[in-house]
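Here's the structure we're looking at; comments come further down.
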Amino acid sequence: MQTNFTKAQLNEPKIARSNAVLRNCVHCGFCTATCPTYQILGDELDSPRGRIYLIKDMLENQRKPDAKVVKHVDRCLSCLACMTTCPSGVNYMHLVDHAREYIEDNYKRPIFDRIMRATLAQILPYDKRFRFAMKSARLVKPLAPLMPSKIRNMVDFAPKKIPVPSLNDKPQVFPAEGKCIKRVALMTGCAQKALDTDINDATIRLLRRHGCEVVVAQGAGCCGALTHHMGKSKQSHISAAKNINAWMSELNGDGLDAIVINTSGCGTTVKDYGNMFLGDPLENDAKTVGSLAKDITEIMIDLGLKVSSTSAIRVAYHAACSLQHGQQIKTHPKTLLQNAGFTVLEPKDSHLCCGSAGTYNLMQPEISKKLKTRKVETLEILKPDVISAGNIGCMVQIGSAIGVPVVHTVELLDWATGGPKPSKMA
Ligand code: SF4
Ligand code: SF4
């Protein structure tokens, strides 16, 4: 695609990066075939190619975003299915992230949207606030039918059960069982710590059992993904910088072989920290941290699974977009589950998003619901005993609409290698 940025514009690193992304696009439209919003809405402007045109025009002309551009960019899930499909290697993620930041800085949203976005940004990345918000939401749930749809949707999001905080999520070092093969940092995250403490607990057991010393680093917390995808770059950079400093201090101290992440949405962001900090004094450290970041399934494939008991239950594997498209990790979770003795099933159209997508299910409830219904139908038809996924957002989204337990892949791997049966399957 031809672009016409001025030399002065191209001196700005983010514009130069977006220019390179745009120039790779050859308008072929292959990406439209796998874009969930295009499939649902049928509007070219809700396809990757349509959004690319809108973003190009906005950035090139330094145009103030209008409601039309904002609507179509907001409707994008950042599922990145288009990146998997694109034959020209267009890095749509960097382009849409730039657009979201530009919109946040240059567009005044309606008052309700501003309040809602600011509230979500001040609650979701902080596990204590999030826990408090979910408890409050549960109290007002009986009044939900009387509330406006977007608030009702947030209240409905609160799960029936909110776990007590896990002591394992506090900064500490867990020694390896037996010979220490690797020293790894575990990113314990933010919202996940409030929604499901079993995931980090199972991850720590699994890693220790396979010869890893596990560090929960002092000062590490939210990866910044939730606010990054809202275009709130200042807030996301503050969160990310805390992680970079915390993990660099571990790396420069007792050393680190990897930073293990068990929430694939976060993993996609941490792996891309180098780009997030483009032109920033922290850029080099951000790149180092990004190169150390590994999804838990990458680490377990590397370590090899020591299976101690097998159970031939039927596991439907849901591929989170951030894992299959964002990180291009497609086979590891299935291979590990099969090696652990489970019968692994895959739903039809597994490339399509479940509609969770960070805060998308709260901000675009209608589209999100359609995607959820579609995903749940394709999973139910498999008649699984359990559904496994590698991202808490997908687990909550699918779990809210299906009568089958939804667990993290790591909980099943922990069970097969000597850990307890996942509590949701009890
Ligand atoms: S598939 Fe790639 S090159 Fe083709 S229109 Fe989509 S983004 Fe552009
Ligand atoms: S990220 Fe997903 S929703 Fe957004 S344009 Fe790409 S395929 Fe469509």
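How large is the accessible surface of residue 43 in square angstrom, using a 1.4 angstrom probe and rounding to the nearest 10?
The accessible area comes out at roughly 60 Å².
Distances longer than 26 Å among the Cα atoms of the chain: what percent of all pairs is that?
55 percent
Roughly how many percent of the accessible protein surface of the stretch 1-95 is carbon and sulfur, given a 1.4 Å probe and a whole-percent answer?
Using a 1.4 Å probe with all protein chains present, the stretch 1-95 comes out at 52 percent carbon and sulfur.
Could you look at the stretch 276-426 and say what percent of its accessible area is carbon and sulfur, using a 1.4 Å probe and all protein chains?
Working: 2950 of 5830 Å².
Roughly 51 percent, rounded to a whole number.
Taking every DSSP beta bridge that has both residues in the chain, what percent is antiparallel when rounded to the nearest 5?
Among the beta bridges of the chain, antiparallel pairing accounts for roughly 15 percent.
Determine the percent antiparallel among the DSSP beta bridges restricted to the stretch 167-300, to the nearest 5.
DSSP beta bridges in the stretch 167-300 are roughly 20 percent antiparallel.
For residue 186, list long-range residues whose amide hydrogen, built 1.01 Å from N in the peptide plane, is under 5 Å from its own amide hydrogen.
215, 216, 217, 260
Please list, in order along the stretch 243-257, the HN-Hα scalar couplings obtained from phi with the Karplus expression 6.51 cos²θ - 1.76 cosθ + 1.60 (θ = phi - 60°), rounded to whole Hz, x for Gly and Pro.
5, 4, 5, 5, 6, 5, 5, 5, 4, 7, x, 7, x, 9, 8
For the stretch 1-51 and the stretch 209-225, write down the distance between their C-alpha centroids in whole Å.
With the stretch 1-51 and the stretch 209-225 each reduced to a Cα centre, they are spaced 35 Å.
Given the protein chains as shown and a 1.4 Å probe, how many square angstrom of residue 173 are accessible, to the nearest 10?
About 80 Å², ignoring ligands and nucleic acids.
Using alpha carbon centroids, what distance separates the stretch 132-196 and the stretch 317-370, in Å?
20 Å
Considering only the other residues whose Cβ falls under 12 Å of the Cβ of residue 313, what net charge follows from Lys and Arg at +1 and Asp and Glu at -1?
Around residue 313, the charge tally is +2.
Roll a 1.4 Å probe over the protein chains and send me the accessible area per residue for the chain in Å².
Averaged over the residues of the chain, the accessible area is 42 Å².
Within 10 Å of each candidate Cβ there may be at most 14 other Cβ atoms; applying that plus a DSSP loop requirement, which trypsin sites (Lys or Arg not before Pro) in the stretch 92-140 survive?
108
Quantify, in whole percent, the carbon and sulfur part of the accessible surface of the stretch 111-157 (1.4 Å probe; protein heavy atoms only).
68 percent
Using the 4.7 Å Cβ rule, please list in number order the cysteines from the chain without any candidate partner.
Among the cysteines of the chain, those whose Cβ sits 4.7 Å or more from every other are 25, 28, 35, 76, 86, 180, 212, 354, 394.
How high is the relative contact order of the chain? Use alpha-carbon pairs under 8 Å, at least six apart in sequence, and give a whole percent. Mind dumping the intermediate values first?
Working: 720 pairs, mean separation 58.3, N = 426.
Value for the chain: 14 percent.
Magnitude of the Cβ-charge dipole of the chain, K/R +1 and D/E -1, about the Cα centre, nearest 20 debye? If you can, show how the numbers build up before the last one.
Numbers: 54 positive and 39 negative charges, 202 e Å.
Here the chain has a charge dipole of around 960 debye.
Find the relative contact order for the stretch 7-106 and round it to a whole percent, using C-alpha pairs within less than 8 Å whose residues are 6+ positions apart.
Relative contact order here is 33 percent.
Residue 123: accessible area at probe 1.4 Å, nearest 10 Å²?
50 Å²
In whole Hz, what ³J(HN,Hα) sequence does the stretch 383-397 give by Karplus (6.51, -1.76, 1.60; θ = phi - 60°), x for Gly and Pro?
Those phi angles translate into 6, x, 7, 7, 10, 10, 8, x, 8, 4, x, 5, 4, 5, 4 Hz.
Would you kindly derive the ³J(HN,Hα) couplings of the stretch 56-61 from the backbone phi angles with the Karplus curve 6.51 cos²θ - 1.76 cosθ + 1.60 (θ = phi - 60°), listing them in order in whole Hz, with x for Gly and Pro?
4, 4, 5, 6, 4, 8
Near residue 182, within a Cβ-to-Cβ distance under 14 Å, what is the net charge of the other residues, with Lys and Arg +1 and Asp and Glu -1?
It works out to a net charge of -2.
The values are calculated or read from the model by the stated rules, or taken from the named source; none is laboratory data. Worth saying up front: this structure is predicted, and the values here are computed from it rather than measured. Cβ: placed from backbone, ideal geometry, glycine included. Neighbour counts: every protein chain shown. All accessible areas refer to the heavy atoms of the entire protein, side chains included, with ligands and DNA or RNA removed. Shrake-Rupley method; radii C 1.70, N 1.55, O 1.52, S 1.80 Å.
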